[in-house]
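Written out below as structure tokens is the structure these notes cover.
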Amino acid sequence: MNELMKKITDFRDERGWSAYHNEKDLAVSILIEASELLENFQWKTSEEAVSDSFQNIKEEMADVLIYLMQLADRMNIDLEEEACKKLEKNAVKYPIDRGLRGE
């Protein structure tokens, strides 16, 4: 992830966008891009959306990741570490033996 973060940071800095990438605006951008991702699925089955819009879905997913990584970088958060912690927390909250609906 460090190599990808460097590419993202270089891209941003080469364009002088750093001043506009504060925590609030990055969080807003994540939501906007996630909404654009969701728009590919509106009024379609999953199969139809993937068939019709696969390239756009990939691009919107990348946009979400790019903004999320920038927000984490700005806040000095190790996303990989936090994801692992969250998985551990969820494993306790949702043990394997509880079934699909937590029963």
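The values are calculated or read from the model by the stated rules, or taken from the named source; none is laboratory data. All values reported here derive from a predicted model rather than from experimental measurement. Cβ coordinates were reconstructed from backbone atoms using ideal geometry, including for glycine residues, and neighbour counts include every protein chain displayed. We work out accessible area using only protein heavy atoms, side chains counted, and drop any ligands, DNA or RNA first. Shrake-Rupley method; radii C 1.70, N 1.55, O 1.52, S 1.80 Å.
A few remarks follow.
- Filtered residues of the stretch 71-97 (kept if open to solvent by 90 Å² or more (accessible area, probe 1.4 Å) and either closer than 25 Å to SER18 by Cα or small (Gly, Ala, Ser) (or both)): ARG74, MET75, ASN76, GLU80
- Residue selected from the stretch 1-31 under the condition of a type in the set (Lys, Arg) and not in a loop (DSSP other than H, G, I, E, B), by the criterion farthest from ARG74 (Cα to Cα): LYS7
- Within the stretch 69-98, being without any contact (Cβ under 8 Å) to a residue 40 or more places away in the chain and under 19 Å from GLU33 (Cα atoms) holds for one residue alone: ALA72.
- The residue list ALA49, ALA34 contains one member that is within 13 Å of the chain's Cα centre (by Cα), part of a helix (DSSP H, G or I), modelled with pLDDT of 95 or more and not charged (D, E, K, R), which is ALA34.
- Residues satisfying the stated conditions in the stretch 1-59, i.e. open to solvent by 50 Å² or more (accessible area, probe 1.4 Å) and touching a residue at least 60 places away in the same chain (Cβ under 8 Å): MET1, LEU4
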